[in-house]
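Q: Pasting a structure below so you can have a look.
The values are calculated or read from the model by the stated rules, or taken from the named source; none is laboratory data. If you're wondering where the values come from, they're calculated on a predicted model, not measured in any experiment. Don't worry about glycine lacking a Cβ; one is built from the backbone with ideal geometry, like all the others, and counts go over all protein chains shown. Heads up: the accessible areas ignore ligands, DNA and RNA and are worked out on the full protein's heavy atoms, side chains in. Shrake-Rupley method; radii C 1.70, N 1.55, O 1.52, S 1.80 Å.
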Amino acid sequence: MTEEDKIRTLNQLIRGSENVVFFGGAGVSTESGVPDFRSQDGLYNQHYKYPPETILSHTFYRQLPGEFYRFYRDKILLPGRNAKPNAAHLKLAQWTKEGRLKAIITQNIDGLHQAAARAVGAPEDNILELHGSVLRNYCERCHAFYDVQYMIDHSKGGAVPKCEKCGGPVKPDVVLYEEGLNMTTLNRAVDAITNADVLIIGGTSLVVYPAAGLIDYYQGHKLVLINKSATSRDSQADLVISDSIGKVLGSLD
């Protein structure tokens, strides 16, 4: 099957279904300029005093919060602050608005799916953020909310952001290594995948668990994988497209 045939087949699958679910990872946002972790230029292939996986852990956050925030601000917050939704985000938002896409399950923490939804006037309640969002930050003492700009402004040079109301530390609402996923979000994702007619997986290498294990709940026969590189699940898919997720989705109706 040629790439054109695959695109045509995918278009037919989506247009013939009213219950499509999308599961995406870092590759969905790299085309918006948000760095991923495992690509050649990603954070895992850069050198720091501590490995990124160690820095972004609950233990490290507790023990060395200044080092955590120095990395978090420079390598997570600043690179993504001017990012805009790309063709993939916008197409998914369009399908949501049309009512055919029932859930967007994302491992990303950049809030670009919500931005795309607002851009096209689509609802946002079907966006399930497995790993939280940099846009939400809360005081650990009084639970006051702070936006991402507050975190950027108050974490310069490794400073730990403090609550203006009570002085407590402000923590990003993101799931660090060693922390569990939000069970409500996880259960909604399981339900969506279980009941999906078409499941599209895009921009993820499917190596981060437990998130990657969610696709085992899919019971249908229209599993689509879209990723630049091969994944361990390619042999299980009914359709595999090895290309940019933005390019593929952007070419669809």
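Q: Which ones in the range 72-87 are open to solvent by 50 Å² or more (accessible area, probe 1.4 Å) and either under 11 Å from Gly157 (Cα atoms) or basic (Lys, Arg) (or both)?
A: Selection gives Asp74, Lys75, Arg81, Lys84.
Q: Do we find that Gly167 is open to solvent by 60 Å² or more (accessible area, probe 1.4 Å) and either assigned to a loop (DSSP other than H, G, I, E, B) or over 23 Å from Leu128 (Cα atoms) (or both) in this structure?
A: no
Q: Somewhere in the range 190-204, is a residue outside any loop (DSSP other than H, G, I, E, B), closer than 24 Å to Leu135 by Cα, modelled with pLDDT of 95 or more and open to solvent by 30 Å² or more (accessible area, probe 1.4 Å)?
A: There is no residue in the range 190-204 that is outside any loop (DSSP other than H, G, I, E, B), closer than 24 Å to Leu135 by Cα, modelled with pLDDT of 95 or more and open to solvent by 30 Å² or more (accessible area, probe 1.4 Å).
Q: Further, regarding this structure: Are any residues in the range 213-241 assigned to a loop (DSSP other than H, G, I, E, B), open to solvent by less than 70 Å² (accessible area, probe 1.4 Å) and either free of Cβ contacts under 8 Å to residues at least 60 places away in the same chain or of a type in the set (Gly, Ala, Ser) (or both), and if so, which ones?
A: Hits for the range 213-241 are Tyr218, Gly220, Ser229, Thr231, Arg233, Ala237.
Q: Can you say whether Val134 is touching a helix residue (DSSP H, G or I) at 6+ places or on another chain (Cβ under 7 Å) and either open to solvent by less than 10 Å² (accessible area, probe 1.4 Å) or among the aliphatic types (A, V, I, L, M) (or both), as far as the supplied structure shows? Give the derivation first.
A: On the way: touching a helix residue (DSSP H, G or I) at 6+ places or on another chain (Cβ under 7 Å): yes; either open to solvent by less than 10 Å² (accessible area, probe 1.4 Å) or among the aliphatic types (A, V, I, L, M) (or both): yes.
Against the criterion (touching a helix residue (DSSP H, G or I) at 6+ places or on another chain (Cβ under 7 Å) and either open to solvent by less than 10 Å² (accessible area, probe 1.4 Å) or among the aliphatic types (A, V, I, L, M) (or both)), Val134 qualifies.
Q: Going by what's in this entry, would Val160 be described as crowded, with 17+ Cβ neighbours inside 10 Å and either within 25 Å of Val134 (Cβ to Cβ) or β-branched (Val, Ile, Thr) (or both)?
A: When the stated conditions are applied, Val160 does not pass them.
Q: Scanning for something at pLDDT 95 or above, basic (Lys, Arg) and within 24 Å of Ser251 (Cβ to Cβ), does the range 101-121 turn up at least one residue?
A: Within the range 101-121, one or more residues are at pLDDT 95 or above, basic (Lys, Arg) and within 24 Å of Ser251 (Cβ to Cβ).
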